[in-house]
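Asks: What follows is a structure written as structure tokens; I'll ask about it next.
The values are calculated or read from the model by the stated rules, or taken from the named source; none is laboratory data. None of these values were measured; they are calculated from a predicted model. Glycine gets a Cβ as well: all are built from the backbone with ideal geometry, and neighbour counts include every protein chain shown.
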Amino acid sequence: MRVLIVGSLGGELGRAAQIAAARGAELDHTDNADAALSRLRRDARVNLVLCELGQPIGDLVRGLALERIAVPVIACGLEDDPEAAVQAVRDGAQDFLPLPPDPELIAAILEAASGESHAMIARDPAMLATVRRAEQIARSDASVLITGESGTGKEILARHVHRRSRRAHGPFIALNCAAIPEHLLESELFGHEKGAFSGAIARRIGRFEAASGGTLLLDEISEMDVRLQAKLLRAIQEREIDRLGGQAPVQVDVRILATSNRDLREEAASGRFREDLYFRLNVVGLEIPPLRSRPGDIAVLAAHYVRHYAHANGIAPPELPEAALSCLLAHGWRGNVRELENLMHRAVLLADQGRIDPAHLGLEQGVARAAPVSAPACAPVSTPPCAPGGVAGLVGQRMDAVEQALIIETLCSTAGNRTHAATILGISIRALRNKLRDYASQGVSVPPPMAGMVA
């Protein structure tokens with residue numbers, strides 16, 4: 001991560017530079033915006049510009065746009081000059097960093113600018129409270145159960161806990177319990193010895209051993225079969241596992257994090273989840289609020305994904321004007337952050353003339369929250385080419401036909417990404433794959449996974 005500092009290093013900006021360096025950033029420095037533009041022409045490795053208020057930020061941003069240099073500019077200045085901060089953002093700065101600098105805010109800005117898909121981004125008070133609680137318990141070895149609706153960012157929070165823990169230099173291993181067939185999950189967790197079953201031609205180390213000295217994330221643990229839960233409980237209690245076909249237990253040193261989009265207390269009460277395992281996992285519970293309950297995060301997350309996908313597609317980040325932001329704030333976000341990510345990816349690709357308009361968002365007003373009267377009308381969602389007529393035209397048809405149309409249409413909207421489609425639909429990836437297999441056997445045209453996307 002390379003950061004260019006523009007301005008005087010004699011005051012608080014210099015302190016911000018020191019914090020960025022302590023967080024792992026490589027620093028360059030210029031005294032003014034003209035020299036910064038010259039430096040950026042020569043060095044394509046710069047990921048972020050921190051520019052002091054008082055510099056011609058608008059000229060710098062326009063110069064970057066003219067030369068198609070896609071580097072975000074963050075304005076930096078004292079908190080007692082809010083008008084200058086607002087003007088800097090109007091001039092094209094991606095964000096404003098108040099001085100004296102806050103180390104955690106600088107860390108968040110660095111993570112967002114780096115394009116890391118696992119950056120922990122939070123501005124809304126509801127989400128900040130969850131993040132603070134996560135950081136408070138991160139340095140312990142206690143098991144943590146992270147709950148929340150699908151797509152809220154449970155794995156991202158789990159990775160954040162790992163990065164703040166004493167195990168940060170150890171491995172972080174994630175296992176999606178919903179994505180692996182039941183007959184394979186035990187071997188994935190505990191490994192197996194040669195000859196343990198047909199096809200076991202050599203010893204295989206499982207996820208528990210791979211995570212030894214670090215953290216093991218059991219994603220969507222509610223999908224795990226009850227019989228396997230008993231073996232998992234023993235592994236957590238005894239800190240040892242038995243490989244399939246093994247003759248002796250293997251000691252492991254692993255911290256367990258688990259996620260679920262279901263209420264595990266209700267699952268335990270109904271007999272679908274072991275109560276003793278629930279109590280073992282829920283030493284500390286973290287609940288992530290849905291995106292509709294933390295509107296303060298919508299704009300900053302949208303801007304992050306615009307920068308991320310613009311960089312990934314080799315284009316300059318398009319502008320996200322107030323009209324588009326109003327539409328985003330009015331939307332209901334049933335798919336939470338993952339829905340927002342997919343939507344902004346699509347908007348970046350559809351945007352023309354360097355601007356994301358409401359029509360590029362394709363939001364359906366029928367699923368929006370009540371919006372202010374002054375909010376612009378959001379464009380209705382366009383019907384995917386593989387589902388003519390859309391779901392709205394299916395009234396009067398059989399339920400299974402409506403379900404099939406909804407699944408196919410959702411899959412089209414995610415460019416064939418099965419994992420994201422399952423999240424938006426609120427079903428497990430295993431259930432989605434089973435339905436798609438049935439549809440294909442009936443001769444239905446199923447959208448293929450997009451190249452490079454998770455199937």
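Asks: Would you check if D276 is modelled with pLDDT of 90 or more and part of a loop (DSSP other than H, G, I, E, B)? Walk me through how you get there before you give the answer.
Replies: Working: modelled with pLDDT of 90 or more: yes; part of a loop (DSSP other than H, G, I, E, B): no.
No, not satisfied.
Asks: Any idea which residue in region 28-55 is nearest to P103 (Cα to Cα), counting only those that are under 25 Å from the mean Cα position of the chain (by Cα) and at pLDDT below 85?
Replies: Let us first name the residues in region 28-55 that are under 25 Å from the mean Cα position of the chain (by Cα), namely 45-50.
Imposing the further condition that a residue be at pLDDT below 85 reduces the set to 45-47.
Numbers: R45: 23, V46: 20, N47: 18 Å.
Restricting to residues being under 25 Å from the mean Cα position of the chain (by Cα) and at pLDDT below 85, the top hit is N47.
Asks: Restricting the search to region 300-320, which residues are in contact (Cβ under 8 Å) with a residue 60 or more places away in the chain and surrounded by 15 or more Cβ atoms within 10 Å (Cβ to Cβ)?
Replies: Result: V300, L301, A303, H304, R307, H308, A310, H311, I315, A316, P317.
Asks: Output the number of residues of region 2-27 satisfying the condition of being within 31 Å of the chain's Cα centre (by Cα), on the phi < 0 side of the Ramachandran plot and not in a helix (DSSP H, G or I).
Replies: The number of residues fulfilling the criteria is 9.
Asks: Could I ask something else about it? Looking at region 217-246, I want the residues that are farther than 21 Å from A196 by Cα and among the β-branched types (V, I, T) and have a partner that is at pLDDT below 90 and surrounded by 22 or more Cβ atoms within 10 Å (Cβ to Cβ) with Cβ atoms under 7 Å, at least 6 apart or on another chain. Which pairs are those?
Replies: Here the result reads I221/C177, each pair linking region 217-246 to a residue that is at pLDDT below 90 and surrounded by 22 or more Cβ atoms within 10 Å (Cβ to Cβ).
Asks: Now for a separate question. From the residues in region 324-354 that are modelled with pLDDT under 90 and in contact with a Pro (Cβ under 6 Å, 6 or more places away or on another chain), which one is farthest from T410 (Cα to Cα)?
Replies: My answer is G354.
Asks: Right, something else. Please specify each residue of region 65-82 satisfying the condition of being at pLDDT below 80 and over 25 Å from the mean Cα position of the chain (by Cα).
Replies: Across region 65-82, the qualifying residues are A65, L66, E67, R68, I69, E79, D80, D81, P82.
Asks: Among the numbered criteria (1) among the hydrophobic types (A, V, I, L, M, F, W, C); (2) surrounded by fewer than 22 Cβ atoms within 10 Å (Cβ to Cβ); (3) over 30 Å from A196 (Cα atoms), which single criterion is violated by L291?
Replies: The failed condition is (2).
Asks: Sticking with this structure for a sec: Among the residues of region 192-208, write down those that are part of a strand (DSSP E or B) and modelled with pLDDT of 75 or more. Lay out the reasoning, then the answer.
Replies: So the first thing to find is which residues in region 192-208 are part of a strand (DSSP E or B), and the list is 192, 204.
Once the filter is applied, which keeps residues that are part of a strand (DSSP E or B) and modelled with pLDDT of 75 or more, region 192-208 yields only H192.
Asks: Can you name every residue in region 414-444 that is modelled with pLDDT under 75, assigned to a helix (DSSP H, G or I) and under 22 Å from G362 (Cβ atoms)?
Replies: T419, H420, T423
Asks: Moving on. Does A268 fit the bill of being touching a Phe, Trp or Tyr at 6+ places or on another chain (Cβ under 6 Å), free of Cβ contacts under 8 Å to residues at least 60 places away in the same chain and either part of a helix (DSSP H, G or I) or assigned by TED's automatic domain parsing to the domain that holds A138 (or both)? Please lay out each step first, then the result.
Replies: Details: touching a Phe, Trp or Tyr at 6+ places or on another chain (Cβ under 6 Å): yes; free of Cβ contacts under 8 Å to residues at least 60 places away in the same chain: yes; either part of a helix (DSSP H, G or I) or assigned by TED's automatic domain parsing to the domain that holds A138 (or both): yes.
For A268, the condition - touching a Phe, Trp or Tyr at 6+ places or on another chain (Cβ under 6 Å), free of Cβ contacts under 8 Å to residues at least 60 places away in the same chain and either part of a helix (DSSP H, G or I) or assigned by TED's automatic domain parsing to the domain that holds A138 (or both) - is met.
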